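Reading through the structure tokens given below for one structure.
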Amino acid sequence: MAEIAAQQFAKQRVVSPAALRASGSLVISLLLALLTVVATEWLARGSLSGVPDFLLSTSRPGVVTVALLFLLFIGSDALMGRAHQSCLLVMAVALMLAFLSMQKHQYLSDPLYPSDILFGRQIGKLMPVIFATRPFAVIGAAAALVALLTALGYLLLPGRHLFRPLSRRARLLRLAVAVPLIGIGLLPLMQADSFTYIRDRLKIMPKMWDQAANYRHNGFLLAFAFNAPMANVKAPAGYGETAIANIPLDKVPAGAMAAGDVDVIMVMSESLWDPTRLTNVTLSPDPMPTIRENQSGTVFSPEFGGMTPNVEFEALTGFSNAFLPYGSIPYQQYVRDPLPSLATFFGSKDYVTRAFHPFQAWFWNRGNVYQQLGFDRFDSQETLPPMEKRGKFASDESLTREIIRNAEAEERPFFYFAVTLQGHGPYEKNRYANNSINVSSKALTAKNRDSLATYAQGVREADDSLKALMDWARKRPRETILILFGDHLPPLGSVYTQTGHMPSVVATRKASAEVMKKEHETPLVVWSSRRGVQKDLGSISPALLPYYVVELAGYSHPFYTSVLGALKQRYAVIDRYQLIDREDRPQADWANSGAPLDPLIRDYRYLQHDQMFGDGFGTERFFPEQLGRAGSS
């Protein structure tokens with residue numbers, strides 16, 4: 001009896017062949033996932049250097065990438081019904097994208113973005129350059145691509161029999177594991193614009209402000225996926241040559257002033273906001289007396305607490321983020337070719353056009369973008385003289401002195417655009433040795449009072465810098481126009497909730513116009529050394545600023561004064577969630593309501609798409625200064 005029992009027990013412990021095959025199949029899928037990650041990183045980086053650290057370091061998401069790819073493999077296999085068939089297909093596509101990224105990086109110093117695949121611009125640019133320098137490599141790569149596509153086509157259908165079929169039970173089990181983990185776990189991780197605890201624990205850190213660091217830290221596959229939502233830019237319904245030709249255009253008279261009659265300085269002040277708008281708080285003295293005395297209105301920022309380049313994009317181009325995918329950053333994803341801007345316009349009037357920002361040129365891709373926007377020169381931390389620091393950042397006073405120094409050396413009229421840095425958070429206690437602004441509030445904790453005091457001192461010094469610019473401009477023989485505005489509200493955290501200014505530490509994504517204004521309005525000054533402050537501009541989108549700049553400078557333009565001029569007569573705010581007219585009547589969710597668009601808004605969107613993604617049908621009529629710029633539509 002004992003012998004029989006032992007035999008039965010031994011039989012129970014024998015693993016069935018089906019279980020062995022299933023386990024072996026999963027191990028192979030895992031190894032293929034690991035091989036794919038290693039190969040794509042090798043190709044995308046151009047060498048194996050850094051790949052071991054990416055996979056083994058506890059501060060990098062290499063292992064997580066392998067796991068996510070493994071889930072994708074087994075889920076795709078379940079859908080196709082064959083073991084490892086989808087693995088080879090996905091692996092081939094991933095390797096091809098990584099190879100293209102390597103080639104692009106060699107010639108354009110930039111990784112591959114999903115938008116490159118959709119629009120083909122970057123790849124199209126690369127081909128002539130690559131072929132001229134490495135013709136045999138291009139021919140070999142083309143032959144390899146044809147062979148790869150042929151092999152994929154064969155494996156997809158004719159070669160399907162080469163892969164072991166999965167039983168219904170095996171397919172359901174794979175789907176039961178993969179779908180919840182991908183749907184509940186992976187997809188939320190891909191929302192690069194919001195913080196998630198799980199992603200933070202997994203060491204996945206979207207670094208959208210620096211795509212090189214984004215790809216280096218997160219790896220090619222994850223970084224590419226972070227950028228995927230931004231690639232979905234579809235032509236608006238009805239867009240085409242006829243639609244652009246039918247856009248009405250007022251007759252544009254010659255400029256009222258001769259070129260050289262006026263200089264323009266435009267300053268976007270980092271996190272500049274009026275802290276006296278906080279309730280249950282008293283600040284004394286007023287941290288922004290000069291701004292308050294000369295305030296023209298407010299800018300309705302499309303952002304909160306960060307994403308500065310999106311505000312900058314609107315202010316320089318007159319285009320709107322409302323027509324772009326949510327979460328996109330035009331400076332990173334879209335501005336690859338010459339794009340019309342205030343710099344291009346003033347450059348066409350024989351102005352000197354310069355940009356200033358006392359941080360590194362790679363940040364937010366400004367070094368490349370300013371060139372595409374038509375600036376003659378960009379002075380960044382690399383080319384500016386050493387700046388005095390206030391806390392960790394270059395002071396507004398130091399940057400203002402540099403602007404004045406350069407302006408006094410100019411012989412031709414100039415358009416200057418400056419982005420300050422001092423106001424950047426965090427607003428730690430004792431950043432400044434002496435705070436001149438006293439903060440009194442029973443609602444705030446001591447820590448938050450200190451934080452607000454630090455912020456308010458920075459506002460006061462931004463105000464002092466504006467006064468210095470004004471005092472200097474008044475003494476100049478040539479008229480000088482100054483435009484100052486804040487890019488977004490500061491990231492003051494629980495200061496907002498403790499004072500009752502906002503229900504959360506960040507702005508509400510969708511809310512009433514009243515609430516959104518509270519959470520998005522920043523000070524705006526439009527001032528002339530001859531004509532003084534331009535009053536009663538109201539709350540306006542930064543995309544409307546070019547109208548006021550060009551009009552005040554005495555020029556007319558088909559887009560900046562005609563199209564934007566017509567828009568500003570009817571609308572004040574063009575935001576993706578709120579369209580607010582001049583009577584302060586809001587239209588919530590106007591872009592997704594399905595209601596017919598006002599022809600003014602429709603045509604505005606047509607022109608933006610035409611210049612950014614389309615065929616440039618309207619360049620000659622609306623942006624004549626773009627003609628002849630290399631690479632422009």
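Got a number for residues in region 353-396 being part of a loop (DSSP other than H, G, I, E, B) and within 24 Å of Lys429 (Cβ to Cβ)? Looking only at that region, the number is 7.
Look at region 224-235: where a residue is within 16 Å of Pro330 (Cβ to Cβ) and a partner is at pLDDT below 75 and open to solvent by 50 Å² or more (accessible area, probe 1.4 Å), sitting 6+ places away or on another chain with Cβ atoms under 7 Å, you get Ala231/Leu118. Candidates are the residues of region 326-361 that are open to solvent by 20 Å² or more (accessible area, probe 1.4 Å) and within 15 Å of the chain's Cα centre (by Cα); the one that is farthest from His488 (Cα to Cα) is Arg336. Met612 meets the conditions (1) open to solvent by 10 Å² or more (accessible area, probe 1.4 Å); (2) of a type outside the set (S, T, N, Q); (3) under 23 Å from the mean Cα position of the chain (by Cα) in every case but one. The failed one is (1).
Listed here are the residues, each with its yes/no results for (1) surrounded by 21 or more Cβ atoms within 10 Å (Cβ to Cβ); (2) touching a residue at least 12 places away in the same chain (Cβ under 8 Å); (3) assigned to a helix (DSSP H, G or I).
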position	(1), (2), (3)
Asp286	no, no, no
Ile291	yes, yes, yes
Gln295	no, yes, no
Glu303	no, yes, no
Ala315	yes, yes, yes
Ala322	yes, yes, yes
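Remark: Arg629 falls outside the filter, which requires a residue to be part of a helix (DSSP H, G or I) and farther than 12 Å from Gly318 by Cβ.
Taking interchain pairs and intrachain pairs at least six residues apart, which have beta carbon atoms under 8 angstrom, with the first residue in region 33-59 and closer than 21 Å to Met96 by Cβ and assigned by the TED database to the domain that holds Ser86 and the second polar (S, T, N, Q) and surrounded by 21 or more Cβ atoms within 10 Å (Cβ to Cβ)? Sorted first by the residue in region 33-59, then by its partner, the pairs are Val37/Thr65; Leu43/Ser101; Ala44/Ser101. Scanning region 425-444 for residues that are in a loop (DSSP other than H, G, I, E, B) and open to solvent by less than 70 Å² (accessible area, probe 1.4 Å) returns Gly425, Tyr427, Glu428, Arg431, Tyr432, Asn435, Ser436, Ile437, Ser441, Ala443, Leu444.
Okay, residues lined up against (1) touching a residue at least 24 places away in the same chain (Cβ under 8 Å); (2) in contact with a Ser or Thr (Cβ under 6 Å, 6 or more places away or on another chain); (3) of a type in the set (Ser, Thr, Tyr):
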{"site": "Gly240", "(1), (2), (3)": "yes, no, no"}
{"site": "Val299", "(1), (2), (3)": "yes, yes, no"}
{"site": "Gly318", "(1), (2), (3)": "yes, no, no"}
{"site": "Tyr334", "(1), (2), (3)": "yes, no, yes"}
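A residue that is open to solvent by 30 Å² or more (accessible area, probe 1.4 Å), over 25 Å from the mean Cα position of the chain (by Cα), of a type in the set (A, V, I, L, M) and more than 25 Å from Asp598 (Cβ to Cβ) occurs somewhere in region 521-538. For Leu79, indicate whether it is within 27 Å of Leu172 (Cβ to Cβ), out of contact with any helix residue (DSSP H, G or I) (no Cβ under 9 Å at 6 or more places or on another chain) and surrounded by fewer than 18 Cβ atoms within 10 Å (Cβ to Cβ). Against the criterion (within 27 Å of Leu172 (Cβ to Cβ), out of contact with any helix residue (DSSP H, G or I) (no Cβ under 9 Å at 6 or more places or on another chain) and surrounded by fewer than 18 Cβ atoms within 10 Å (Cβ to Cβ)), Leu79 does not qualify. Among residues of region 605-627 that are outside the structural domain of Val563 (by the TED database) and more than 19 Å from Ser348 (Cα to Cα), none has a Cβ under 6 angstrom from a residue that is of a type in the set (D, E, K, R) and open to solvent by 30 Å² or more (accessible area, probe 1.4 Å) at a sequence gap of 6+ or on a separate chain. For region 470-491, the set of residues classified as of a type in the set (A, V, I, L, M, F, W, C), open to solvent by less than 10 Å² (accessible area, probe 1.4 Å) and under 30 Å from the mean Cα position of the chain (by Cα) consists of Ile481, Leu482, Ile483, Phe485, Leu489, listed by residue number.
Between Lys467, Lys518, the distinction of being touching a helix residue (DSSP H, G or I) at 6+ places or on another chain (Cβ under 7 Å), open to solvent by 50 Å² or more (accessible area, probe 1.4 Å), touching a residue at least 12 places away in the same chain (Cβ under 8 Å) and closer than 26 Å to Leu537 by Cα belongs to Lys467 only.
Scanning region 481-530 for residues that are in a helix (DSSP H, G or I) and over 12 Å from Ser301 (Cα atoms) turns up Ser494, Val495, Tyr496, Thr497, Gln498, Thr499, Ala513, Glu514, Val515. Annotation: Cys87 fulfils all but one of (1) open to solvent by less than 50 Å² (accessible area, probe 1.4 Å); (2) among the hydrophobic types (A, V, I, L, M, F, W, C); (3) at pLDDT below 75; the unmet one is (3).
The sole residue among Arg602, Arg576 that is within 26 Å of Gly240 (Cα to Cα), at pLDDT below 90 and within 27 Å of the chain's Cα centre (by Cα) is Arg576. Of all the residues in region 214-234, those that are farther than 18 Å from Tyr326 by Cβ and either at pLDDT below 80 or open to solvent by 60 Å² or more (accessible area, probe 1.4 Å) (or both) number 1.
The values are calculated or read from the model by the stated rules, or taken from the named source; none is laboratory data. Only a predicted model underlies this, so the values are computations on that prediction, with no experimental measurement involved. Neighbour counts are summed over all protein chains in view; Cβ atoms, including those assigned to glycine, are modelled from backbone coordinates with ideal geometry. Surface areas here come from the heavy atoms of the whole protein model, side chains and all, with no ligands, DNA or RNA. Shrake-Rupley method; radii C 1.70, N 1.55, O 1.52, S 1.80 Å.
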